[in-house]
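Each value in this text was obtained by applying a stated rule to the coordinates, not by laboratory testing. The shown structure was predicted, so the numbers you read here are calculated from the model rather than taken from an experiment. We place every Cβ from the backbone using ideal geometry, glycine too, and count neighbours over all the protein chains shown.
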Amino acid sequence: MNKKSKIILVLVVLVVVGYFTFPLAKDYMVNNLGKRDLKSETAAFTLKSKDIIAEFTSNADAANKKYLEKPVAISGVVSSVKDKEVILDGTVNCGFTTSATSISKGQSVTIKGRVVGFDDLLGELKLDQCSINK
């Protein structure tokens, strides 16, 4: 095997190894290296639940570019409370890291959380790392 073939073989091996190990390294970094502290971050947007749902319903791509992975403060009326999950106006699903015992059904609240996606089939916006915005 000549020198040129050895170099090409090494490059091919490096590309193949990198292709299979990069997703694993990326997942490790995302899950284990410094999670965001949303409680200390300022909300990028403050709006009502009906307004953000209207944006996602009318143009999901534009709304995703605008809100996805950003901290938002959303106000609305609590329609359901289940342990670590609070639903505002039947359309905004807020996932808390601890039990949301201080919130009750029918209460008007503003919740800050990170937008993780919109389920267009159910018409529901999903937030995680939520907290009561004061």
Restricting to Cα pairs under 8 Å and 6 or more apart, the percent relative contact order of the chain works out to 21
Once amide hydrogens are built 1.01 Å from N within the peptide plane, the residues lying 5 or more places from G117 or on another chain with amide H under 5 Å from its amide H are K126
Taking every other residue with Cβ under 13 Å from the Cβ of K48 and scoring Lys and Arg +1, Asp and Glu -1, one gets -2
Which of (1) 1.24; (2) 1.30; (3) 1.33 is the computed Rg/Rh (Cα atoms, Kirkwood Rh)? It is (1)
Along the dipole axis of segment 80-134 (charges at Cβ: +1 for Lys and Arg, -1 for Asp and Glu; origin at the Cα centre), the most positive-end residue among S104, F118, S80 is S104
To the nearest 10 degrees, the tilt of helix 3-32 (Cα long axis) against the first principal axis of the alpha carbons of the chain is 20
Taking Lys and Arg as +1 and Asp and Glu as -1, residues besides N93 with C-beta under 12 Å from its C-beta add up to -2
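For segment 59-134, go through all pairs of different Cα atoms, get the mean of 1/r, take its inverse, and jot down that Kirkwood value in Å.
Here the Kirkwood hydrodynamic radius works out to 12.3 Å.
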Computed over the chain: longest principal axis from alpha-carbon atoms vs helix 49-58 long axis, angle to nearest 10 degrees, is 50
Burial-style ranking of 118-126, 67-75, 100-108, average other-beta-carbon count within 10 Å with highest first, yields 67-75, 118-126, 100-108
Relative contact order as a percentage, segment 63-134, C-alpha pairs under 8 Å and 6+ apart, gives 33
